[in-house]
Every structure is written in C-alpha cells, then in structure tokens.
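**Student:** Below: one structure in structure tokens.
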Amino acid sequence: MSFTSELGDAVVIDESNAHEFVHDSGYVERDWDADPLGSEPCAPLNTDPTIPRDDWDELIEQGERTKTFVNHLLDREGVPFKYQASTNFCASNATICAGQAAQVVQGQAFRSWSPASVACPITGFVNKGHWPKQVVAYLSKYGAVPSTLWPDNEINESLFKPTFAARDDNRVAEWTEQPRFSFEHLMTAMLKRQPTAAVFMWMKHVVCALYPVKLPGSDHYGIGCRNSYGPRWNRNGYLVIDEAKANADEMFSVRVVTGM
Amino acid sequence: MTISKRLLALCLVLTLAANGCRLWVVPDQRGGDQSAAEVDSGADDGSATESKIAEISESGAIKAGGYRVLVLLETDFKKPMADGYVQAIYGPEVRSWLKGNSQGFRFFDQHTPIGKEADQFWKDAAKLPHGDLPWLFIFNGKPSYTGPLPQSPAEVLKLLKARKP
C-alpha cells in the first residue's frame, strides 16, 4: 500500500532543519542513575509488542480518512493549546497536555488543568526545568489544579493550600513508560490513540505526541505533536517530527485519567 | 414484546444452547424490546454470566449512575478495526450525541488498569462479562443493554436512542 499523509500547514522537522528548532525551553534531563527507566510505580515499563511497521500505512490511512486520531478529537472538541510563555515548564505543559488529551479520548468532559500547579510544587515555586517522570508521579499522586483556580503559568505559592482539595478530581492515575529511543513504541502509542509526553534531547524540549504520519517523498514516518507555545506557533501550534529525529529520550503514555 | 416473539426468542436460545452457544438476555427497563447478546461460547457458563450481571446490577454506583454508556475495546489490534467501528468509537457522531444526552460515557481499552479510577460506577461497569470486542454496555440504573458494538455510528445511535429513558 502506497500512502502518504496530508500534512496541511504542519512543518516537518528533519535532519535538514532540526537546528532551527533547538530552543532551550527549560527541560532538565532526568537523572537516569537515581531515576532509572520503569522506576515510577504508576508507570510501569511497556513490554507489550509493537505494531509491525508493515501495518502502519494501512492504520494511518484509516485514521486520517476517518479523522479519528487524537489530534482530530482535540481539534473537534476545541481543546486549547498550552502556552508556557516565559516559564521553563515545558515538562509540565507537555505531560498535562497528554493527560488532557487522554481525558477526551476516554470520553470525559474536557477541563483545563494548570501546568504551573504541578510544576511549582516540583521545583519549589521556582521557574526552573524538570522532567516528565516528576510530573507523572505528581499527577498520579496528587493531581492538577483546574486552570480556573490556578492560572496556567502563575508561580505563586499562596495558591497552593487553598486549591489543594481541587486536585483530587484531576489525576492521571496510570501511565506506561515507553522504552527509551524506541520509535516503534512511540508510533504504536500513536496508532493506539495513547497521548504521550516525549522528550527530545536534541531539541532540549518536551512535547505532547498525539498522532502518526507517513511523510511524503520518502519511506519515513513521523510523529505529530502539540507544542506548548500556543495555537499560532509554527503556523498552527503543531509540529511533525521525522522519525530520524523522533527517537525520544523519555516517554510516558497515558493509560487512565481519573475523575469526572 | 409479543407472545410469538417471546416464543421465537426462546426457540433461538434453545437451538443455540443445543449447539454449544450461550446467549443471555437483558430485559429492557421500559418493558419494551429485549436484546440478546452472544457470549463467547464455552468461555464460562451462562448461569455464571447471568449471576454476575445480577450481582453488578445490585451495585449502588450502577443504580445511582443513571443513563451511561461504556464501550470496551482492544487497541492492540492485530489488524485494523473496520471503518465503522473506528468511526463509532473515535468519530464525532456517537460522542457528540452522548455528550448531550447521557450522564457519562467512557471508551476503555480492555487492558486499562481501572483500579484507580475515581468513580466507582466505571469500576463496577468494567467488571461486567463481555464477548468479543468491541463491546457496548448501556446502563440506566442497571445494565440495560450489553452486546457487541454495532459496526456503524448510525446503528450505535439507534441503540442508544432506543435505550434512552
């Protein structure tokens, strides 16, 4: 089956232009010695087999034709893009984006969560980077505060106690950690509609991976992601990363979002 | 349901039972139509299935849950699902109707670890026995329909609308 995706406005990041997208948005690399792969209790390492590459074209073609990938669901629901502004909270923005996308996939009513409400207790209310595993652990244990009670990028310790009780309805209880650098696992998560927070060290950034694509003019595949720079970044808020640059250093896919 | 339809349904059950298939019937709350769903034959005994449904029907969370819908599916597909399934599960028609007409709906992979789900309703609902996936459960204070997910959004909507209180 010969098939390529209709990419619309999305810009593809590959070997030729990747240098233009390196921007230090605050990601701090996970301490792999202290925090090894699969060490988070709520996010066991994924040992399931991946969907064979030979099947990808057919599945991508079907998802695009029927408009049933996660990006389609989010766009239809009007789920807004996260915008991290001048914070270094890309890990919290991308990981929360994945949790909120899974809300929609599972059928829950979308309710916006504040990335700062999770990043602040992790960083000690300082504007500094962190990594997705910390966010995953916090979201599983305590949850996030709705954006209506804690603005998305507000670093403000006085918000912590008064809003704490509101976290319980906004937890992502179960995740799967994907094997490092495995494009096949990331692609499989996309085909299964499992939103994934993905770290790309070459970019020094964390993004929310949502859908698979087959790139035109090559036999390469790619991953469509929402960035955390608002809906107008890079034309439409999305980026597509060619598989040559899409071997993620750290990946967490959502399994269960609890709450309403 | 008329008497002749009841007799026909009984004959069907007996015939299938004699051939090793098991069927169970969930009476509709409104006393109208009845639905029958085939349970994987030989997997467990039909009376155990019925008693499991009866047990879960007694759950306080299910009784209080109102009109809700659960679809169990398998995302680890060995081959692509039929277009109609994909559209019924991820497409806009069924979801937008449920959004405006139900008290909640979920689409869960059958392997979703549901133990930490906050709402007891979904924990109880996901314990119901089912046959080959994808599988549809419609609740209305109790399981009012349980059967294979129809293969198109239009057919799913027809079932949902018929069961809406």
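The values are calculated or read from the model by the stated rules, or taken from the named source; none is laboratory data. Since this is a predicted model, take the numbers as computed values, not measurements. As a convention, Cβ positions derive from the backbone with ideal geometry for all residues, glycine included, and neighbour counts pool all protein chains shown.
**Student:** When only residues in region A:169-185 that are farther than 28 Å from residue B:119 by Cβ and in contact with an Asp or Glu (Cβ under 9 Å, 6 or more places away or on another chain) count, which is nearest to the other protein chains (Cβ to nearest Cβ)? Can you show your working first?
**Tutor:** Kept after step one, since they are farther than 28 Å from residue B:119 by Cβ, are these residues of region A:169-185: A:179-185.
Adding the requirement that they be in contact with an Asp or Glu (Cβ under 9 Å, 6 or more places away or on another chain) leaves A:180-181, A:183, A:185.
On the way: A:180: 21, A:181: 22, A:183: 18, A:185: 13 Å.
Checked region A:169-185; the qualifying residue nearest to the other protein chains (Cβ to nearest Cβ) is A:185.
**Student:** I've got another one for you. Checking residue B:128 against (1) of a type outside the set (Val, Ile, Thr); (2) modelled with pLDDT of 90 or more; (3) surrounded by fewer than 19 Cβ atoms within 10 Å (Cβ to Cβ), which test does it fail?
**Tutor:** All conditions pass for residue B:128, except number (3).
**Student:** Answer yes or no: is there a residue in region A:191-198 that is away from every other protein chain (no Cβ under 11 Å) and either at pLDDT below 95 or out of contact with any Cys (no Cβ under 9 Å at 6 or more places or on another chain) (or both).
**Tutor:** Scanning region A:191-198 turns up no residue that is away from every other protein chain (no Cβ under 11 Å) and either at pLDDT below 95 or out of contact with any Cys (no Cβ under 9 Å at 6 or more places or on another chain) (or both).
**Student:** So, one more: Can you find, within region A:201-213, the residue that is surrounded by the most Cβ atoms within 10 Å (Cβ to Cβ) among those that are at pLDDT 95 or above and farther than 14 Å from residue A:252 by Cβ?
**Tutor:** Restricting to residues being at pLDDT 95 or above and farther than 14 Å from residue A:252 by Cβ, the top hit is A:213.
**Student:** Where residues in region A:225-236 are surrounded by 22 or more Cβ atoms within 10 Å (Cβ to Cβ) and within 18 Å of residue A:20 (Cβ to Cβ), which of them is modelled with the highest pLDDT? Step through it out loud before you land on a result.
**Tutor:** First, pick out the residues of region A:225-236 that are surrounded by 22 or more Cβ atoms within 10 Å (Cβ to Cβ): A:225-228.
Now restrict to residues that are within 18 Å of residue A:20 (Cβ to Cβ): A:225, A:227-228.
Details: A:225: 96, A:227: 93, A:228: 93.
Going through the qualifying residues, I end up with A:225.
**Student:** If you don't mind, another one. Which of the helices (runs of 4 or more DSSP H) contained wholly in region A:1-115 include at least 3 residues that are touching a Phe, Trp or Tyr at 6+ places or on another chain (Cβ under 9 Å) and more than 14 Å from chain B (Cβ to nearest Cβ)? It would help to see each step written out before you state the result.
**Tutor:** Numbers: elements: A:56-65, A:70-77, A:90-106.
Output list reads A:90-106.
**Student:** Please verify whether residue A:154 is farther than 23 Å from residue A:258 by Cβ and either touching a residue at least 24 places away in the same chain (Cβ under 8 Å) or acidic (Asp, Glu) (or both), treating the condition exactly as stated. Don't jump to the end; show me each part of the working.
**Tutor:** Values: farther than 23 Å from residue A:258 by Cβ: yes; either touching a residue at least 24 places away in the same chain (Cβ under 8 Å) or acidic (Asp, Glu) (or both): yes.
When the stated conditions are applied, residue A:154 passes them.
**Student:** Hey, another quick one. Answer yes if at least one residue in region A:99-114 is under 20 Å from residue A:249 (Cα atoms) and either more than 19 Å from the chain's Cα centre (by Cα) or buried (at least 20 other Cβ atoms within 10 Å of the Cβ) (or both), and no otherwise.
**Tutor:** Start the filter on region A:99-114 by keeping residues that are under 20 Å from residue A:249 (Cα atoms), which leaves A:99.
Subset that is either more than 19 Å from the chain's Cα centre (by Cα) or buried (at least 20 other Cβ atoms within 10 Å of the Cβ) (or both): A:99.
There is at least one residue in region A:99-114 that is under 20 Å from residue A:249 (Cα atoms) and either more than 19 Å from the chain's Cα centre (by Cα) or buried (at least 20 other Cβ atoms within 10 Å of the Cβ) (or both).
**Student:** Go through region A:116-157 and report how many residues are away from chain B (no Cβ under 14 Å), among the aliphatic types (A, V, I, L, M), out of contact with any His (no Cβ under 6 Å at 6 or more places or on another chain) and assigned to a helix (DSSP H, G or I).
**Tutor:** 4
**Student:** Take region A:140-176 and flag every residue that is over 23 Å from residue A:88 (Cα atoms), buried (at least 17 other Cβ atoms within 10 Å of the Cβ) and not hydrophobic (A, V, I, L, M, F, W, C).
**Tutor:** Within region A:140-176, A:174, A:176 meet the criteria.
**Student:** Out of the residues in region A:19-75 that are basic (Lys, Arg) and surrounded by fewer than 18 Cβ atoms within 10 Å (Cβ to Cβ), which is nearest to residue A:5 (Cα to Cα)?
**Tutor:** Among those that are basic (Lys, Arg) and surrounded by fewer than 18 Cβ atoms within 10 Å (Cβ to Cβ), it is A:65.
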